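The next block holds one structure in the form of structure tokens; read it before the comments.
Since every read-out is calculated from the coordinates, none of them should be taken as a lab result. Please read these numbers as outputs of a predicted model, since none were measured by experiment. Note that we place each Cβ from the backbone using ideal geometry, even for glycine, and neighbour counts take in every protein chain shown.
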Amino acid sequence: MSIDRLRRFIADMTSLVGGAWQDRDEAATVEVGAKLLGELVSHDDWLPEAMAKCPPHGYAQNLLWCDPFERFSIVSFVWAPSACTPVHDHQMWGLVGMLRGSETSQHFTRDPVTGALAKGLLNKLVPGEVEVLRPSEGDIHQVTNALSDCGSLSIHVYGGNIGAVRRHTFDEASGEPKLFVSGYTNQALPNLWDRSAETRAPLKAL
């Protein structure tokens, strides 16, 4: 396992969100970001094992990186068999890339007058696929591990510090929203900056 791919992805995303055009064109940001994430999750040789441990039930939301200016964050979601989230929103753009297993994303529309929820598109992701979430297009959904006999793992990228943002869960029957802040499961981040193995490599050839 080498963390190089994650390091390069973080560098590419930092350049992307730091572009002068970014604030004016969210659509372009998520389009390019989705391609970058698709490339990352097309390889399964870079995620530290500590960020991939399957919980006994529910799911773990592990922070891999948060931009110093909180312009984006990267999270590994590890799902126990058949685990699912509440119906929820994000309050920012998001990208979901499937690394292992499979998950479904059930989208909902919310009536602006009554607040009632109605089921919409149902997406199923398999490894290498990416889903785009944008509040302007409707980002209320419920995510479920599509596998009942093993865990699944997806990599999420958000347009802010997703663990610190006030957002909403929704009662599916009534559509009633409830504020929540998700936080993160892990207490330590992956060490991106230990390049000692790379630095030592040429020494073996001397």
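Taking the number of other C-beta atoms within 10 Å as the exposure measure, put Y184, Y59 in order starting with the fewest.
Going from least to most buried by this count: Y184, Y59.
By count of other Cβ within 10 Å, fewest leading, how are E39, E131, E198 ordered?
E198, E39, E131
In a GNM of the chain with a 10 Å cut-off on Cα contacts, which of D12, D111, D44 has the highest mean-square fluctuation?
Answer for the Gaussian network model of the chain: D111.
Mind giving me the FRET efficiency for E137 and A50? R0 is 41 Å, r the Cβ-Cβ distance, nearest 0.05 is fine.
Here the calculated transfer efficiency is 0.75.
What's the angle, to the nearest 10 degrees (0 to 90), between helix 196-205's Cα axis and the longest principal axis of the chain?
30
If you put +1 on each Lys and Arg Cβ and -1 on each Asp and Glu Cβ, how big is the dipole of segment 4-186 around its Cα centre, in Debye rounded to 20?
220
Answer with one residue from F72, G58, S15: the one whose Cα lies farthest towards the positive end of the charge dipole of segment 4-186, charges on Cβ with Lys, Arg +1 and Asp, Glu -1.
G58
To make sure I understand, if each residue's beta carbon is the centre and we count other beta carbons within 10 Å, what order do C54, C84 fall in, fewest to most?
With the sparsest Cβ surroundings first, the list reads C84, C54.
Say we join alpha carbon atoms closer than 10 Å with springs in a Gaussian network model of the chain; which of V32, V41, V78 then has the biggest fluctuation?
The residue that fluctuates most here is V32.
In 10 Å bins starting at zero, report the fraction of Cα pairs in the chain per bin as a rounded %.
P(r) over the chain, rounded to whole percents: 8, 33, 36, 16, 4, 1, 0, 0.
So how tilted is helix 26-41 from the main axis of the chain? Cα-based, degrees 0 to 90, rounded to 10.
Value to nearest ten degrees: 60.
Running a GNM on the chain with Cα contacts under 10 Å, which residue among N161, N191, N62 ends up with the highest mean-square fluctuation?
Evaluated over the chain, the most mobile residue of the options is N191.
Return, ordered by residue number, the residues of segment 141-183 whose backbone nitrogen is under 14 Å from a label point located 7 Å along Cα→Cβ of L121.
Residues passing the 14 Å test: 141-142.
Relative contact order of segment 4-186, please, whole-number percent, based on alpha carbon pairs below 8 angstrom and at least 6 residues apart.
25 percent.
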